[in-house]
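Visitor: Can you keep this structure in mind? I'll have questions shortly.
We did not get these values from a lab; they are worked out from the coordinates using the rules stated. Given the structure is predicted, the values throughout are model-derived calculations rather than measurements. A quick note on method: Cβ atoms are made from the backbone with ideal geometry, for glycine too, and the neighbour counts reach across all protein chains shown.
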Amino acid sequence: MNLSTAEAVAAMRGSAVRPQATVHWWQLVNDSGRLHPTAGGWRLEPPLGGPGDRQALVQGLADRVITAVAVHHQALDAEEQLLPIDQRRAGLAGHGIALPLLWQALVVEQGWSLQQLWQALCWGPCSLLGQEPEQLRSGSRQWLLFDPEAQWCWDRQRGGSLAANQPLNDGSTICGMVRACGTLAPSDWQLD
């Protein structure tokens, strides 16, 4: 279940039996009041809500009414992006920018702790999938080094996807970068 409205969060809060639910990461970062009318990121399923919806989703995630953040990376090609917005398939690419933008939206803007963010991004999804939570262990490849102060210029090539439906324009400045992770070869780490 992917929630997108304040009404859905309220219904979950009032439910005697609360099912696990997710929220699309972009719903936590943007809303219809913050997104320029011509910007990418409007075509989601469920649709992007208003400022009150975004705040209710953030609070629902903080209170664990919502179990986890979902990325739902849905890449569209350049030809499909030329269609009028109401004729395109719904979806958003952007797995390469989800963590830095969520850090800004939740930790910097909302004052979340690192533990709250990791609950939403790691431990909550493990619970949703019925898996044991990840733990840092010697020899594990399940780790990442995130630098919240690193500023970099976004471009589609660097984002790890050539999808045409990236939510940011080339040249956008992003604060926060995954410098290294256990699944990348050391030659691909960005430690400088």
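Visitor: Subtract the Cα-Cα distance of Leu114 and Asn2 from 0.36 nm times their separation in residues, and report this length gain in nm to one decimal.
Guide: Details: separation 112, 0.36 × 112 = 40.32 nm, distance 2.31 nm.
Between Leu114 and Asn2, full extension yields an extra 38.0 nm.
Visitor: Which of Thr22, Thr67, Thr38 ends up with the largest GNM mean-square fluctuation for the chain, with Cα atoms connected below 10 Å?
Guide: Highest fluctuation of the listed residues: Thr38.
Visitor: Next question. Convert each backbone phi in the stretch 90-98 into a coupling constant with the Karplus relation 6.51 cos²θ - 1.76 cosθ + 1.60 (shift: θ = phi - 60°), then list the ³J(HN,Hα) values in order as whole Hz, x for Gly and Pro.
Guide: For the stretch 90-98, the Karplus-derived couplings read 6, x, 9, 8, x, 4, x, 10, 4 Hz, x marking Gly and Pro.
Visitor: Assuming R0 = 35 Å, can you tell me the calculated FRET efficiency for the pair Arg18 and Gln104, based on Cβ-Cβ distance, to the nearest 0.05? Walk me through the intermediate numbers first.
Guide: On the way: r = 29 Å, r/R0 = 0.83.
Computed FRET efficiency for Arg18 and Gln104: 0.75.
Visitor: Once label points are set 7 Å from the Cα along Cα→Cβ at both Asp77 and Gln59, what is their separation, rounded to one decimal in nm?
Guide: Reported label-point gap for Asp77 and Gln59 is 4.5 nm.
Visitor: Let me know the charge dipole size of the stretch 2-135 about its Cα centre in debye, to the nearest 20, where only the beta-carbon of Lys, Arg (+1) and Asp, Glu (-1) is charged. Could the numbers behind the result be given before it?
Guide: Numbers: 8 positive and 12 negative charges, 54 e Å.
With only Lys, Arg, Asp and Glu charged at Cβ, the dipole is about 260 debye.
Visitor: Calculated FRET efficiency, Ala11 and Asp192, Cβ-Cβ r, R0 41 Å, to nearest 0.05?
Guide: On the way: r = 48 Å, r/R0 = 1.18.
The value I calculate is 0.25.
Visitor: Using r as the Cβ-Cβ distance of Thr173 and Cys126, and R0 as 41 Å, what FRET efficiency do you calculate, to the nearest 0.05?
Guide: For Thr173 and Cys126, the calculated efficiency is 0.80.
Visitor: Semi-axes of the equivalent ellipsoid for the chain, please: Cα gyration tensor eigenvalues, times 5, square-rooted, ordered largest first, whole Å.
Guide: Each semi-axis is the square root of five times an eigenvalue, giving 25, 24, 15 Å.
Visitor: Gaussian network model of the chain, Cα springs within a sub-10 Å range: biggest mean-square fluctuation belongs to which of Asp170, Asp86, Asp147?
Guide: Asp86
Visitor: Could you compute the net charge surrounding Ser4? Neighbours are other residues with a C-beta less than 12 Å from the C-beta of Ser4; K and R count +1, D and E count -1. Write down the numbers at each step before the final one.
Guide: Working: positive: Arg54; negative: Glu7, Asp31, Glu45, Asp53.
Taking every Cβ under 12 Å from that of Ser4, the sum is -3.
Visitor: Which whole-angstrom value gives the distance between the alpha carbon centres of the stretch 71-113 and the stretch 7-29?
Guide: If you average the Cα positions of each part, the centres end up 19 Å apart.
Visitor: Once amide H atoms are placed 1.01 Å from N in the peptide plane, what residues at a sequence separation of 5 or more from Ser172, or on another chain, have their amide H within under 5 Å of its amide H?
Guide: Trp154
Visitor: Hey, can you grab everything whose amide H is under 5 Å from the amide H of Ala150? Only 5+ residues off in sequence or another chain; H modelled, so Pro and N-termini drop out.
Guide: Residues meeting the criterion, in which the H sits 1.01 Å from N, are Gly176, Met177.
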